[in-house]
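Student: Mind looking over this structure? Questions follow.
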Amino acid sequence: MEQVTLGIRMMDLLPKFFWRAIFCVILLPAGLVHVSAQEVVQVDSVLWPVRNGVESLLQGSTAGLRVKSWSGEAGIQSIINLRGLSMDPTDESTMPMILVNGVPIVATPSSVTAINPLSYYTPDQIERIEIIKSIDQLAAYGVLAANGAINIVLKEGRSGPLHVTASAFAGTNYLNDFNYRKDAFYDFNTTARRKVYRPQITHSQQAIIDGGGDFGSYLFGVTNYQDNGAVAESKFTQQSLFLNATYHISKQLKAQFYSNLTLANRKGRYAGGYERGLARPVLSDETFFMDDNKNTAQLSSLRLSYQLAPAWSVSSLAGISYEGAKRDFFIPSDVLDGYVRAASAAVRRQLISVNTAVEYRHRFSDRLGLSMTLGNEVRMTDNRITSVDGSRSLEYGGSNFVKVVTGYNANQTDALSGHDQENLLSFYGLWNVDFNPDLKLNATLRADASSLYDQKWGFYPAAGASYSFKSTLQLPLTVSASVGKTGILSRPEVYRGELTAFGDYFSGNELGIGKLYAAFEGAKSIDVFQIDGGISYAFKDALVLSVNYFDKRYSDFTYRRYLPNIYGIDYRYETGGKLALSGVEVELDGTLIQNDRFQWTTNINLASYSNAVNALPEDPANTSFAYLQALQSGDALTSIIATEGQQARVIGNSEASLFGGVTNTFRYKGFTLGLGINYALNADVAAESFSSRYSASQVGGFFPLKTAETPYYFVEEDADGGTVYQGIRSIENGSFIRLGRAVLSYQFGSFLQGLPIRQAELFVRGDNLLTLSAYSGFNPEENITGIRRTDLFSTGMPLPSSVVLGLKLVL
Amino acid sequence: MTAMNKKKHIIYWPVGLLLVAVLASCSDYLTLEELDNRTVAEGYYTSTQRVEQAVIGGYVDLRRALLTNHAWLMYGEARTGELQVEVAYYPKVAGQQLTVADRQLARLADWEYFYDVIYDANEVLRLIDAADGDVLSTYHYNLFKGEALALKSMAYFYIARIWGIAPSAEEADFGQPMDEAMAIERAAGFAREAHGLLPWILLNDDQIESAAVTAVRFNKTAAAILLAQENLWLGNDQEAYQLMADLATEARADSLSDFGLAMGKDERGGVTEEPLNASMVSISAANLAAIYPDGDARQGVIFRLSADEQKATFIVRDQERLGLLTINEHYLLMAEAAWKTGKLEEARTWLTEAADGGTENYSELTEAEFGDALLRERQRILIGSGQRFFDLKRFGKVSAYLPIFSTADIQNGAAHWPLAQRSLNGNGLTQHSYWEHE
């Protein structure tokens, strides 16, 4: 009764024309109940990889989601791209937004330990993963998810008093068909590298206890994981303790609490893994080297939801995602020819978010339904780095380690402390209307204000519609279209300008300061306009073919303009530049054969993308986009640019134009065989030459052509600022098709009768079992920039294969 | 009806108030005050000490301009070959091969650091006027303004003398090229204003007069010497004479101070903290003998001969400071101003005074001989201050001392340092014709 009264009062608060306007202008043409995923990956139904990291689970599973296994180092994150593009190759702006149970998390690897934060969540914990890529759903995240979003939804306890799930596996990593001549390290201390690669173990143990009832549900567990990669004396270990609990405090009020504490440790003992440019000869096997990386991570979230009235509910979701990362690093004197070097760095990152929403649902009739969500989100990001880095020559006596510790002093040590903060305030509204069951309309409007800008607010609207021909034409065909805008935050804050210290004066008594760059009041987020169109056809209820098209237009990137030398400051900030990314995604997903004994399910997906630079700032040579200056409008952003003669030329494209995966699962009686293939076609790799590298002054400014190599070269700068020409040996086709995952398992059904075991499964899993490629190196995806450099900068370690044997029991 | 309207008003106003409160708190939430990885300019200059940091920034940039790659010598006594600097590119500089592809030579050709000084000075001028009234006392306002103007004047003066052209970095005509005379005219204007503002002796942080602080910051003596130099370059001899005569009064004797650059660590690399270090800067025995006749006492005061007597190095009395505008020059400028204003007798007296320790008798110098004698004494007294090449330019003696350049070469800009490619590209300038063909 009180609620009804309250409702009447609220209606009275505002004049009637206001409500009419709401219904006519906003509610009727639009609507969205929840930000529902475009694609959902049910984790129990996909093939689980040996390697941890949620992205490994998704590789090849969804059209348009590219997961590049660029490095074989254990605990390293694969590159994740979901319709993402950025003009700045040095930042993380192509990474999709990652959420856990709707809570945004710190998902990118820290700059010091490079440990993958997505490794903190094991497949056993995960119910499903929502892949969000269409604009009408992404706009709900405003400036946070222009490159797509991935929401990891965790399992809740099943109803019943108690379930215990225990699983374990153990096996080996090995370099499949390893030929040292194919190794990217080839020609750099080859003997040592041959010695350092060896089969290593990987194993995991996990226990989960769950249960549920009218009171709610609970699930908690513990995980231990170890992956020693394929390099001697290196290893990655990770332990997690997690709890996911819901509690029905009353009929109206429900609370959900999630917590995950993870310790992760990555040890490198391999000089080549850190510094590929060490002067030869170095150690015979290069293994004595300390690189100790430790992460401590915590994710805690609390969701409270309250049903105000049958149509009205309110919920609030608060989350803290925290990661402390620390690296200790030491190179002994026998590697550095009489010098020892030690460094230590720590990064602390935290993301606090609170998202509160009011939701209204109403069915006007059987034919017309409406839902509306109005919400507010607050995000606080706070990251800090502290590092010291020192070296000194050895003195007689004492151990190397003692010497380096005592060697720290002010003159020999570089210390650094950096701090980044950002606050974001957002308001959003989501509207969804359905007419008959055929037509669905939705609309989103989000306003984001960031502390990064003087002009705080940005607005992100989107609208979409889908229509099913099932009832009108009796066709199992659905078409959909949407249009809208999102954004990408530019970093860091530049709108207030920055002062910097020039130096000491008067015996260090005075500090001289001045302007590093002037205030840039025009700083703003990158705008991303996107349109989507799609069609899906269900052959049977269990098999669906879908084809989707998207087109994204990026504009207003923030860049530096380097100023002529009479300005007194080196650069100022500007915005400009336009990019385009478009593509077609095709997916066939479902069950091909289903009978009492045999089931065959399949997922075949492919994506064909192209990207282009549509506009560069005026005079790009004097901007931080100078590396793109050779591109013409329409050229791909991912072009590999080199020089021929004296002219810059596009010699390839580092991005695949076609990629995807094929997953087939066969079940016969208790046996399950799963095969997961992923592929990428038409990516180019420019392999630098080991033998044609010249100082420009030595060759008179002309690159000497070499037979059996390409006429192209890169122009680089050496440590002394001299110009160097680096020849390109070959431009290779980086296409590949890979048997990325395979699983053979057996469920002990009837054997368990009489035993206190509900379910038992014996399995053999394999990762990266076979790769077909014309690429001359070991792993066609190992070069992040599409350039296999002689110093192996941005090139990963060889990707090992893994085979494990495991057992899963449910009690 | 009236009652209803009234009721609505009562209900709506708290909603509006709430909205205003929410939006106001949003504004606070969205402006981070503690960005401890960076210092924003807005709101920083809230105290005298902080404004002073900006002024000191100008000195640090001037030091960067003059000490990076031993630039002050490269533009001066290294270019004339009198002093030798132990760097790989020195022979190119002494051989006038200034356009050879070399990273350090390219650095020397770039006037960027001098323009940094001008920018710093203009920032100081802007922010002292924008600062709240209680931030700066009248003393500090005048001091900082005077220092900024003097720094700017000195930077333009160097640019004009080194490159022979100086685009304006002033808001009114930004980017407009000025020829040498125009630039120095402008520089003199700034110095004149600075001279009026600067104190003779500066106060330290305890508000006590400090000779040490005065010696590393612009003061009235330094501004007078700078302005006199500029006036003599422009032919404003009378003003130069008056300025120097003012310094020469007995009442002023205790107030005069040198000005030099204080040493310290620079955030950028390549800025020496020991500019005249014996391992870097030396003079050959032959050059030493050519400059100082036998018996000239100043040789032994300024230089220390090596054990093999093949070369000599500077006796550095103050490791913390590099002198730029010294009282030593006062008498030389006085002599020159007197000579140029037709007071030969007085000029002889001042030159004799300046050349204390020398062997020559200047009491009988004729009008025609005076210039050469003055140039020689300037060389002897000011060696190591970087003024030598400028003196040769001012006295029209470059080709006489550096026969590699013909008179025609000088007319084509050979005495100017070649403009850096960055200067040409960014500012729409053309290279001096001599260097264009080199």
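The values are calculated or read from the model by the stated rules, or taken from the named source; none is laboratory data. Everything quoted here is computed from the prediction, not taken from an experiment. Backbone-built Cβ (ideal geometry, glycine too); neighbour counts: all protein chains shown.
Student: State the number of residues belonging to the stretch B:262-303 that are away from every other protein chain (no Cβ under 14 Å) and not in a loop (DSSP other than H, G, I, E, B).
Tutor: Residues of the stretch B:262-303 away from every other protein chain (no Cβ under 14 Å): B:275-303.
Next, only the ones that are not in a loop (DSSP other than H, G, I, E, B) stay: B:281-291, B:297-303.
Number satisfying all stated conditions: 18.
Student: So which of A:Tyr517, A:Tyr505 is over 23 Å from the mean Cα position of the chain (by Cα), buried (at least 23 other Cβ atoms within 10 Å of the Cβ) and within 23 Å of B:Val55 (Cα to Cα)?
Tutor: Selected residue: A:Tyr505, the only one of A:Tyr517, A:Tyr505 that is over 23 Å from the mean Cα position of the chain (by Cα), buried (at least 23 other Cβ atoms within 10 Å of the Cβ) and within 23 Å of B:Val55 (Cα to Cα).
Student: May I pose another question? Any residue in the stretch B:46-69 that's within 7 Å of another protein chain (Cβ to nearest Cβ) and over 20 Å from B:Ala109 (Cα atoms): show its pairings with residues that are among the hydroxyl-bearing types (Ser, Thr, Tyr) and part of a loop (DSSP other than H, G, I, E, B) at Cβ separation under 6 Å, as long as the two are six or more apart or on different chains.
Tutor: The qualifying pairs do not exist here.
Student: Any chance the stretch A:542-563 includes a residue that's hydrophobic (A, V, I, L, M, F, W, C) and closer than 29 Å to B:Ala109 by Cβ?
Tutor: Yes: the stretch A:542-563 contains one or more residues that are hydrophobic (A, V, I, L, M, F, W, C) and closer than 29 Å to B:Ala109 by Cβ.
Student: Tell me, yes or no, whether the stretch A:534-546 has at least one residue that is part of a strand (DSSP E or B), away from chain B (no Cβ under 14 Å), in contact with a Gly (Cβ under 6 Å, 6 or more places away or on another chain) and crowded, with 19+ Cβ neighbours inside 10 Å.
Tutor: Within the stretch A:534-546, not a single residue is part of a strand (DSSP E or B), away from chain B (no Cβ under 14 Å), in contact with a Gly (Cβ under 6 Å, 6 or more places away or on another chain) and crowded, with 19+ Cβ neighbours inside 10 Å.
Student: With (1) at pLDDT 90 or above; (2) in contact with a Ser or Thr (Cβ under 6 Å, 6 or more places away or on another chain); (3) closer than 30 Å to A:Asn116 by Cα; (4) among the basic types (Lys, Arg) as the list, and A:Arg341 as the residue in question, which single condition is left unmet?
Tutor: (1) is the only condition that A:Arg341 fails.
Student: Right, here's the next one. Can you tell me which residue in the stretch B:398-422 is nearest to the chain's Cα centre (by Cα), limited to those that are farther than 15 Å from B:Asp179 by Cα and within 14 Å of another protein chain (Cβ to nearest Cβ)?
Tutor: B:Ala420
Student: Also: Check the stretch A:422-445 and report whether any residue there is part of a strand (DSSP E or B), aliphatic (A, V, I, L, M), crowded, with 17+ Cβ neighbours inside 10 Å and within 14 Å of chain B (Cβ to nearest Cβ). Explain how you work it out, then say what you get.
Tutor: In the first step, residues of the stretch A:422-445 are kept if they are part of a strand (DSSP E or B); the result is A:422-435, A:439-445.
The next check asks that each one be aliphatic (A, V, I, L, M); those that pass are A:424-425, A:430, A:433, A:439, A:441, A:443, A:445.
With crowded, with 17+ Cβ neighbours inside 10 Å added as a condition, the list becomes A:424-425, A:430, A:433, A:441, A:443, A:445.
Applying the additional criterion that residues be within 14 Å of chain B (Cβ to nearest Cβ) yields A:424-425.
Yes; the residues of the stretch A:422-445 include at least one that is part of a strand (DSSP E or B), aliphatic (A, V, I, L, M), crowded, with 17+ Cβ neighbours inside 10 Å and within 14 Å of chain B (Cβ to nearest Cβ).
Student: Report every pair of residues separated by at least 6 positions or lying on different chains whose Cβ atoms are under 8 Å apart, first residue within the stretch A:640-665 and closer than 18 Å to A:Ile80 by Cα and free of Cβ contacts under 8 Å to residues at least 60 places away in the same chain, second surrounded by 23 or more Cβ atoms within 10 Å (Cβ to Cβ) and among the hydrophobic types (A, V, I, L, M, F, W, C).
Tutor: A:Ser657/A:Ala683; A:Leu658/A:Ala607; A:Leu658/A:Ala680
Student: Among the residues that make up the stretch B:119-132, is at least one of them surrounded by 21 or more Cβ atoms within 10 Å (Cβ to Cβ) and not in a helix (DSSP H, G or I)?
Tutor: No - not one qualifying residue is present in the stretch B:119-132.
Student: Right, here's the next one. Taking strands (runs of 3 or more DSSP E) that do not extend beyond the stretch A:1-87, which have at least 1 residues that are of a type in the set (Asp, Glu) and modelled with pLDDT of 50 or more? Steps first, please.
Tutor: On the way: elements: A:39-42, A:65-68, A:79-82.
Output list reads A:39-42.
Student: Something else: For the stretch B:124-159, what are the residues that are among the acidic types (Asp, Glu) and closer than 21 Å to B:Ala65 by Cα?
Tutor: Across the stretch B:124-159, the qualifying residue is only B:Glu147.
Student: Got a sec? Which of B:Ala253, B:Ala228, B:Ala212, B:Ala224 is small (Gly, Ala, Ser) and either in contact with a Pro (Cβ under 9 Å, 6 or more places away or on another chain) or over 19 Å from B:Glu329 (Cα atoms) (or both)?
Tutor: Every option except B:Ala212 fails the conditions.
Student: Oh, and also: Answer with yes or no whether A:Gly700 is of a type outside the set (A, V, I, L, M) and either touching a residue at least 12 places away in the same chain (Cβ under 8 Å) or in contact with a strand residue (DSSP E or B) (Cβ under 6 Å, 6 or more places away or on another chain) (or both). Break it down stepwise before answering.
Tutor: Working: of a type outside the set (A, V, I, L, M): yes; either touching a residue at least 12 places away in the same chain (Cβ under 8 Å) or in contact with a strand residue (DSSP E or B) (Cβ under 6 Å, 6 or more places away or on another chain) (or both): no.
Answer is no for this residue.
Student: Within the stretch A:668-683, work out how many residues are buried (at least 18 other Cβ atoms within 10 Å of the Cβ) and either among the charged types (D, E, K, R) or outside any strand (DSSP E or B) (or both).
Tutor: Going through the stretch A:668-683 one residue at a time, the tally reaches 1.
Student: For B:Leu143, state whether it is within 13 Å of chain A (Cβ to nearest Cβ) and either at pLDDT 95 or above or assigned to a helix (DSSP H, G or I) (or both).
Tutor: Values: within 13 Å of chain A (Cβ to nearest Cβ): no; either at pLDDT 95 or above or assigned to a helix (DSSP H, G or I) (or both): yes.
Taking the combined requirement at face value, the residue does not satisfy it.
Student: Name the pairs whose Cβ atoms lie under 7 Å apart, with the first residue in the stretch A:494-515 and more than 7 Å from chain B (Cβ to nearest Cβ), the second among the small types (Gly, Ala, Ser) and surrounded by 19 or more Cβ atoms within 10 Å (Cβ to Cβ), and 6 or more positions between them or separate chains?
Tutor: A:Val494/A:Ala523; A:Tyr495/A:Ala523; A:Thr500/A:Gly514
Student: Just to be sure I understand, how many residues within the stretch A:449-493 are free of Cβ contacts under 8 Å to residues at least 40 places away in the same chain, out of contact with any helix residue (DSSP H, G or I) (no Cβ under 7 Å at 6 or more places or on another chain) and within 14 Å of chain B (Cβ to nearest Cβ)?
Tutor: Residues meeting the conditions: 2.
Student: Look through the stretch A:113-161, keep the residues that are within 30 Å of A:Phe329 (Cα to Cα) and among the small types (Gly, Ala, Ser), and return whichever of them is modelled with the highest pLDDT.
Tutor: Looking at the filtered set, the residue picked out is A:Ser119.
Student: Mind checking which residues of the stretch B:195-215 are assigned to a loop (DSSP other than H, G, I, E, B), of a type in the set (A, V, I, L, M) and touching a residue at least 24 places away in the same chain (Cβ under 8 Å)?
Tutor: The answer is B:Leu198, B:Ile201, B:Leu202, B:Ala215.
Student: Just checking, how many residues over the stretch B:92-109 are in contact with a Gly (Cβ under 8 Å, 6 or more places away or on another chain) and buried (at least 19 other Cβ atoms within 10 Å of the Cβ)?
Tutor: Final tally of qualifying residues: 1.
Student: I'd like the full set of residues that are surrounded by fewer than 21 Cβ atoms within 10 Å (Cβ to Cβ) and assigned to a loop (DSSP other than H, G, I, E, B), limited to the stretch A:131-174.
Tutor: Residues satisfying the conditions are A:Lys155, A:Glu156, A:Arg158, A:Ser159.
Student: I need the full set of residues from the stretch B:70-104 which are β-branched (Val, Ile, Thr) and within 14 Å of chain A (Cβ to nearest Cβ), in order please.
Tutor: Answer for the stretch B:70-104, where residues must be β-branched (Val, Ile, Thr) and within 14 Å of chain A (Cβ to nearest Cβ): B:Val87, B:Val100.
Student: Okay, next question. Considering the stretch A:551-565 alone, what residues qualify as being in contact (Cβ under 8 Å) with a residue 60 or more places away in the chain, more than 14 Å from every other protein chain (Cβ to nearest Cβ) and of a type outside the set (S, T, N, Q)?
Tutor: A:Lys552, A:Arg553, A:Tyr554, A:Phe557, A:Tyr559, A:Arg560
Student: Quick one: count up the residues across the stretch B:304-327 that are of a type outside the set (Lys, Arg) and outside any strand (DSSP E or B). Steps first, please.
Tutor: Of the stretch B:304-327, the ones of a type outside the set (Lys, Arg) are B:305-310, B:312-316, B:318-320, B:322-327.
Add one more test, that the residue is outside any strand (DSSP E or B), and what stays is B:306-310, B:315-316, B:318-320, B:326-327.
Residues flagged as of a type outside the set (Lys, Arg) and outside any strand (DSSP E or B) within the stretch B:304-327 amount to 12.
Student: Select, from A:Pro104, A:Pro123, the only residue that is in contact (Cβ under 8 Å) with a residue 60 or more places away in the chain and buried (at least 23 other Cβ atoms within 10 Å of the Cβ).
Tutor: Going through A:Pro104, A:Pro123 in turn, just one is in contact (Cβ under 8 Å) with a residue 60 or more places away in the chain and buried (at least 23 other Cβ atoms within 10 Å of the Cβ): A:Pro104.
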